[in-house]
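Here's the structure, in structure tokens; my notes come after.
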Amino acid sequence: MPMSENAKQNDIVTEILDEAFNKEWDVFSPEEYKHQLAETQAKVKKLTPDEEKTKMNKRMNLRVQATAHYRKDRHKSRATRKRYFQAFCYACDYLADTCNLQKVSNITPTHFRRVVEHWKSYKAASTIQTEVSGFRKYCKKAKCKHKMPENKELKLPKREPKKYNRGWLIDEYQKARELAEFMNRFDVRDGLDLGWHLGLRIIEACQLKLGDVKKALGWGGPDIKGKGGQVRFVKIETEEQLELLKRLYREAKTKGLTDDDFIISKTIYKGPLMEKKSIENWIYNHRKEFTDLDRQKKVNPGKKPRVKDIVFHGLRHSYNQNREKLLEGDPRKHQKLSQGMGHRRLAVNDIYRE
């Protein structure tokens, strides 16, 4: 029996959302999961089957309209487009439930404020800013009749990225590396090395190919494709960096890898994404075994307090802090730090400082 047009559209929405929700990132923090679960359970208890069906149809109606705009979107990276689409779907669900909205083009500034106030009740400041950007973008694409309020008018909570030092201690890095080696998780070991010595983001480490390492040994450093497709050159400045790249090249050739093969990820469909998740899970499951229990006390006078739980991205913070000491006295220190991290604005360096 051929599928109806509406059923096909529903499948498209479901496919996009499933991929966005489950394969690209962690959708909710544990606190957000609890909030969403409690909110959903409270509503389900009050709804009859017919009412539940009506509610889902209202949501799906708006999501189908949102999908039409998403499929035409070619601005920014694929991951950013999905993240913004995800945020707009959250907003559509809330407006369908509370305001009985039927067309996304009818979203008004009042609707916009209501959604933002709802997000403020349980989302983190950085998450709210990202989702407001996605919500505003799709309101423009839907050609809403009214201009949506700016962030200043919404009084969004401010992020505090400069408040804590997220870097790893050298003992933590060494213990984690030894544990990964003991467990035969050489992919995790190599990922930790790339983060600590070269400041690579986790997805950049997972996407590194043998050809990139080969060029790096000849050119004095690898070209890394970062966020938004921007390419940065990471200069080899220490003996440890050079030895790391030589070892990775030697081990890859021993395995019979070619220039197009990933160093630590399996060369299969979505290999880097699966490897990224695997490394993140390993750190989450084992970090109690290598985290210094007194790390929050090991703070120099006048420096930022340390975070309690470390994540892979903290290796990037440590790389920047170590490199800042290496470049001490260089008049172009801030420019070199920013360039090496792949940031355009020098002010971003403040986030990574001790």
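Helix 239-254 versus the longest principal axis of the chain: what is the Cα-based angle in degrees, 0 to 90, to the nearest 10?
Around 80 degrees separate the two axes.
Is the stretch 170-352 rounded, prolate or oblate when judged by the Cα gyration tensor, a ≥ b ≥ c being the square roots of its eigenvalues, rounded requiring a/c under 1.5 and prolate requiring a/b larger than b/c?
Numbers: a/c = 1.75, a/b = 1.16, b/c = 1.51.
Because a/c hits 1.5 or more and a/b fails to exceed b/c, the stretch 170-352 counts as oblate.
Most mobile of Lys297, Lys163, Lys141 per a Gaussian network model of the chain (Cα springs, under 10 Å)?
Lys297
Can you bin every Cα-Cα distance in the stretch 134-234 into 5 Å intervals starting at zero and give me the percent of pairs per bin, rounded to whole numbers?
In whole percents, the pair-distance histogram is 2, 10, 13, 13, 12, 12, 10, 9, 8, 7, 3, 1, 0.
Rounded to the nearest 10 degrees, what's the angle between the helix 30-46 long axis and the longest principal axis of the chain, both from Cα atoms, 0 to 90?
Tilt of helix 30-46: around 20 degrees.
Taking neighbour counts of Cβ atoms within 10 Å as a proxy for exposure, in what order, fewest first, do Ser338, Ser133, Ser265, Ser77 appear?
On the way: Ser338 19, Ser133 15, Ser265 24, Ser77 12.
Ascending number of Cβ neighbours within 10 Å: Ser77, Ser133, Ser338, Ser265.
What is the sum of charges around Ser338, taking Lys and Arg as +1, Asp and Glu as -1, for the other residues whose C-beta is under 9 Å from the C-beta of Ser338? Numbers along the way, then the final one.
Numbers: positive: Lys336, Arg344, Arg345; negative: none.
Result for the neighbourhood of Ser338: +3.
Within the stretch 150-180, whose backbone N sits under 18 Å from a point 7 Å along Cα→Cβ of Glu328?
Once the point is set 7 Å along Cα→Cβ of Glu328, 170 turn out to lie under 18 Å by backbone N, inside the stretch 150-180.
Taking θ as phi - 60°, what are the ³J(HN,Hα) couplings along the stretch 210-223 by the Karplus curve (6.51, -1.76, 1.60), each to the nearest whole Hz, with x for Gly and Pro?
4, x, 5, 5, 4, 5, 4, 5, x, 9, x, x, x, 8
Report, to two decimal places, the Cα Rg of the stretch 52-180 normalised by 2.2 N^0.38 Å (N = number of residues). Don't skip to the answer; put the middle values down first.
On the way: Rg = 18.5 Å, N = 129, 2.2 N^0.38 = 13.9 Å.
Output field value: 1.33.
Given Lys120/Lys162; Lys141/Lys227; Lys255/Lys276; Lys82/Lys288; Lys82/Lys227; Lys163/Lys298, which pairs have Cα atoms separated by over 26 Å? Don't skip to the end; give the middle numbers.
Values: Lys120/Lys162 21 Å; Lys141/Lys227 23 Å; Lys255/Lys276 21 Å; Lys82/Lys288 33 Å; Lys82/Lys227 14 Å; Lys163/Lys298 16 Å.
Table pairs above 26 Å Cα-Cα are Lys82/Lys288.
Quick one: helix 170-182 against the long Cα principal axis of the chain, what's the angle to the nearest 10°, folded into 0 to 90?
On a 0 to 90 degree scale, this one is about 90.
Sort Lys276, Lys58 so the one with the fewest other Cβ atoms within 10 Å of its own Cβ comes first.
Lys58, Lys276
I'd like the FRET efficiency for Asn57 and Ser77, computed as 1/(1 + (r/R0)^6) with the beta carbon distance as r and R0 of 41 Å, rounded to 0.05. Walk me through the numbers on the way to the answer.
Numbers: r = 33 Å, r/R0 = 0.79.
With R0 = 41 Å, the Cβ-Cβ based efficiency is 0.80.
Identify which of the listed values of P(r) over Cα pairs in 20 Å bins from 0, in percent was calculated from the structure shown: [x] 25, 51, 24, 1; [y] 25, 54, 18, 3, 0; [z] 29, 59, 12, 0.
Here the calculated entry is [x].
Helix-derived [θ] at 222 nm for the chain: sum -39500 (n - 2.57) over DSSP H runs of at least 4, divide by residue count, nearest 500? Walk me through the numbers before you get to the answer.
Working: 16 runs with 217 residues, N = 354.
Counting only the DSSP helices, I get -19500 deg cm²/dmol.
Listing Ile351, Ile310 from the residue with the fewest other Cβ atoms within 10 Å to the one with the most, what is the order?
Values: Ile351 16, Ile310 24.
Ranking Ile351, Ile310 by Cβ neighbours within 10 Å, fewest first, gives Ile351, Ile310.
With a Förster radius of 41 Å, plug the Cβ-Cβ distance of Gln339 and Lys145 into 1/(1 + (r/R0)^6) and report the FRET value to the nearest 0.05.
Numbers: r = 44 Å, r/R0 = 1.07.
Plugging the Cβ-Cβ distance into 1/(1 + (r/R0)^6) gives 0.40.
Return the sequence-ordered ³J(HN,Hα) values of the stretch 61-66 in whole Hz as given by the Karplus equation 6.51 cos²θ - 1.76 cosθ + 1.60 applied to θ = phi - 60°, using x for Gly and Pro.
Result, rounded to whole Hz: 4, 6, 5, 5, 5, 5.
Quote the relative contact order of the stretch 170-352 in percent (integer), defining contacts as alpha-carbon pairs under 8 Å separated by 6+ residues. Intermediate results must be reported in sequence, preceding the final value.
Details: 205 pairs, mean separation 48.4, N = 183.
It rounds to 26 percent for the stretch 170-352.
How large is the charge dipole for the stretch 65-124, taken about the Cα centre, if only the Cβ atoms of Lys, Arg (+1) and Asp, Glu (-1) carry charge, to the nearest 20 debye? Can you show the working numbers first?
Details: 13 positive and 4 negative charges, 91 e Å.
The dipole magnitude comes to about 440 debye.
Just to check I understand the Karplus step: with θ = phi - 60° and J = 6.51 cos²θ - 1.76 cosθ + 1.60, what whole-Hz values come out for the stretch 134-143, glycine and proline as x?
Going residue by residue, I get x, 4, 5, 4, 6, 5, 5, 5, 7, 6 Hz, with x marking Gly and Pro.
Do any GluC sites (Glu not before Pro) in the stretch 130-238 lie in a loop, going by DSSP, with at most 14 other beta-carbon atoms within 10 Å of their beta carbon, and if so which? Present the calculation step by step, with values, prior to reporting the outcome.
Numbers: sites: Glu131, Glu150, Glu153, Glu172, Glu178, Glu181, Glu204, Glu237; in loops: Glu150, Glu237.
Hits after loop and neighbour filter: Glu150.
Less than 9 Å Cβ to Cβ from Gly226, Lys/Arg counted +1 and Asp/Glu -1: what total charge do the surrounding residues give? Provide the component values of the computation, followed by the final result.
On the way: positive: Arg201, Lys225, Lys227, Arg232; negative: Glu204.
Counting the neighbours of Gly226, the net charge comes to +3.
Could you quote the convex hull projected area for the stretch 230-313, Cα atoms only and averaged over all directions, in nm²? Mind showing how you got there, number by number?
Values: hull surface 35.4 nm².
Its average projected convex-hull area is 8.8 nm².
The numbers here are math on the coordinates, done by the rules we state, and not lab data. Values in this document were obtained by computation on a predicted structure and should not be read as measured data. Cβ coordinates were reconstructed from backbone atoms using ideal geometry, including for glycine residues, and neighbour counts include every protein chain displayed.
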